[in-house]
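The values are calculated or read from the model by the stated rules, or taken from the named source; none is laboratory data. Nothing here was measured: the structure is a model prediction, and the numbers come from that model. FYI the Cβ positions are ideal-geometry reconstructions off the backbone, even for glycines, and counts take in every protein chain you see.
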Amino acid sequence: MEVPVLKQGKVLIATIQAALSDADLENLRRGLVQQVVRFRSLGVIVDVTSMDVMDSFASRTLRDIAHMIRLRGAETVIVGIQPEVALAMVQLGLTLESVSTALDLEEGLAYLNAKFKSVN
Amino acid sequence: MAKPASIKEVPRADRAAELAQSEATSELLRELVAHLRQNRTQLREEWVQRISETRLLTAMTKEEIFAEATSVYDSYVEALETETFEALQAYAQNLSERIIPRGVETHEVVGIVLLLRDVLARSLFAKYQADFHKLNRILDAYEPAANRIANTVAVGFVQERERTIRQQQEAIRELSTPVLQVRERLLILPIIGVIDPQRARQLTEQLLRGIRTNRAKVVVIDITGVAAMDVTVANHLVQTVEASRLLGATVIVTGLSPEIAQTLVTIGVDLGKMNTVGDLQGGIEQAERLLGYKVSPSPEPQ
Amino acid sequence: MPAAEIRVAINSDQDIVGARQSGRALAAELGFSSADATLIATAISELARNIVSYARKGEIRLEKIENSGHSGIIVIAADEGPGIPDVRQALRDGFSTSGSLGLGLPGVRRLMDEFEINSRPGRGTTVTVKKWRH
């Protein structure tokens, strides 16, 4: 199952659906990095609204995505973590430290725009 | 056919004796109940008098005490008469439901029932003082029943009280975790009193829901009103801060006492990384700064 | 009416999703709140992932349980992998919130109400967890 990625100006938006296999997540990681390079994107938003469970693998993968994208000079924001999922994550000890998070797509875009402005 | 006196046919004799005994008891109880009914007015008056002397039921007016005393007296006598206690139990529960909200306490309820027991016993002494033997038998019939009655009323009251307390605790839990929206994008969560793990969890769930509904970007959690926090609850607090961040909200903790700060350090929290401010006012000001209220407005989006 | 016991074979990472979805469904049937169902599904996901990562294959068993009027769910994650050499070490990290490396067992324990582990090097591992409805 491929993850749809939209381009909105200098921002890429990846919307993750529920029930993503490990392989899908790996493909997403590779794909996003490629596209950031190709489009010279400044930011990536990963929308996890549909994820009903975030386990350690998913958390690690999102951290890796953010890390690799930062190496390409772009900023990643994870948006749409559901309250219940957030609760389970913190009890499991998954805090996504060093990764930016925002409430939803709108907030994520606002955050990235503010960041671009301060850079320029 | 007469049996030799030395040989006792124990079972039959015992059974007969038992039967005779219980009949005698019932007979005595009937006599007792008749006496209590006959002297109802006087004995009830005496009881109410004793109640006010010992300063019980101060939460109630004289009229109320009299009305309840009448009901209790009649239920008491009925229980003695029927030797059944369901009606009394039902009455005790009903009575408790009414007087608990008035602030009547357990020792008062137990006290007045024992006073009634006393008043009635003394009237028996007075009546049967000439016949000591009869008095003894009457008391033998009276005491177990009277004890059972005292027990039924007291237990009924205590159970109702416990039920009420549980209800109140639940209500307090609900009420005392209000998530307040003070300004746009700013939520305040003042926590007061004792937090147990269940309440802490409820609190976190409410806050996260609130962050999503109000699209909050900053949350001020004020724990000035929290006396102490054990390690479990301290962890809940840390988890609340972390979970809020996952929803894109920054948390400022205010009102941290030295004791609670110590607890947090003990569980390995780096206070340097946690956003803490001395008091609620300071916390709100910092929140406003973070949201760009005090400084010039943030740049317009593209 | 929930089935007596649900068994999910874990042979690859793709079975992880199936296991946690079964867990969530059973939890919902048993009347757990949505929040608790998420905790249960997350715990199952972690346990299934451990099986895949360290034992290659095993199974997850799910069942309803009862205890003096309370109902709950039991999850048994069993494999015949290499086993855990130092179980105590694996369970350390009481309340630390560091990113979950390794087995994530302390995290699973936090998510559930009861936790039991049986592991012998060469004999495999069985983790049993329970959660009760409030």
Note on residue A:13: of the conditions (1) in a strand (DSSP E or B); (2) in contact with an Asp or Glu (Cβ under 8 Å, 6 or more places away or on another chain); (3) free of Cβ contacts under 8 Å to residues at least 40 places away in the same chain, unmet is (3)
inquiry  = Quick check on the range B:138-151. Is at least one of its residues over 22 Å from residue B:61 (Cβ atoms), β-branched (Val, Ile, Thr) and surrounded by fewer than 16 Cβ atoms within 10 Å (Cβ to Cβ)?
reply    = no
Filtering the range B:99-145 down to residues that are outside any helix (DSSP H, G or I) and on the phi < 0 side of the Ramachandran plot yields B:104, B:105, B:129, B:130, B:131
- Hey, residue B:198 within 21 Å of residue A:104 (Cβ to Cβ) and at pLDDT below 90 or not: no
The residue from C:40, C:73, C:44 that alone is surrounded by 24 or more Cβ atoms within 10 Å (Cβ to Cβ), more than 14 Å from every other protein chain (Cβ to nearest Cβ) and not in a loop (DSSP other than H, G, I, E, B) is C:73
Picked from the range C:104-134 (must be in contact with a Leu (Cβ under 9 Å, 6 or more places away or on another chain) and surrounded by fewer than 18 Cβ atoms within 10 Å (Cβ to Cβ)), the residue nearest to residue C:88 (Cα to Cα) is C:115
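Per-residue answers, yes or no, for (1) within 34 Å of the chain's Cα centre (by Cα); (2) within 14 Å of chain A (Cβ to nearest Cβ):
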site: B:172; (1), (2): yes, no
site: B:197; (1), (2): yes, yes
site: B:214; (1), (2): no, yes
site: B:219; (1), (2): no, yes
site: B:240; (1), (2): yes, yes
site: B:246; (1), (2): no, yes
site: B:250; (1), (2): no, yes
Note: among B:137, B:98, just one is of a type in the set (Lys, Arg), touching a residue at least 24 places away in the same chain (Cβ under 8 Å) and not assigned by TED's automatic domain parsing to the domain that holds residue B:218, namely B:137
Expected output for the range B:109-127 (first residue at pLDDT 90 or above, partner basic (Lys, Arg), Cβ below 8 Å, 6+ apart or cross-chain) is B:115/B:50; B:118/B:50; B:119/B:50
Kindly evaluate residue A:89 against the criterion of being within 21 Å of residue C:47 (Cβ to Cβ), out of contact with any Gly (no Cβ under 6 Å at 6 or more places or on another chain) and outside any loop (DSSP other than H, G, I, E, B). yes
Of (1) farther than 22 Å from residue A:34 by Cβ; (2) more than 9 Å from chain B (Cβ to nearest Cβ), residue A:60 satisfies every one except (1)
Out of (1) without any contact (Cβ under 8 Å) to a residue 24 or more places away in the chain; (2) surrounded by fewer than 16 Cβ atoms within 10 Å (Cβ to Cβ), the one residue A:37 does not meet is (1)
Flagged in the range C:1-35 as surrounded by 24 or more Cβ atoms within 10 Å (Cβ to Cβ) and more than 9 Å from every other protein chain (Cβ to nearest Cβ), in numbering order, are C:10, C:19, C:23, C:27
Checking C:7, C:49 in turn, the sole residue that is in a helix (DSSP H, G or I) and among the basic types (Lys, Arg) turns out to be C:49
Within the range A:63-85, the residues that are crowded, with 17+ Cβ neighbours inside 10 Å, under 15 Å from the mean Cα position of the chain (by Cα) and either at the interface with another protein chain (Cβ under 9 Å from one of its Cβ atoms) or assigned to a loop (DSSP other than H, G, I, E, B) (or both) are A:63, A:74, A:77, A:78, A:79, A:80, A:81, A:82
The correct count of residues that are closer than 24 Å to residue C:35 by Cα and at pLDDT 90 or above in the range C:76-104 is 2
The correct count of residues that are farther than 16 Å from residue A:46 by Cα and in contact (Cβ under 8 Å) with a residue 60 or more places away in the chain in the range A:69-118 is 2
Picking from B:229, B:274, the residue that is assigned to a loop (DSSP other than H, G, I, E, B) and more than 14 Å from chain A (Cβ to nearest Cβ) would be B:229
*asked:* Just to be sure before I move on: is residue B:86 without any contact (Cβ under 8 Å) to a residue 40 or more places away in the chain and in the same structural domain as residue B:149 (by TED's automatic domain parsing) in the structure I sent?
replied: yes
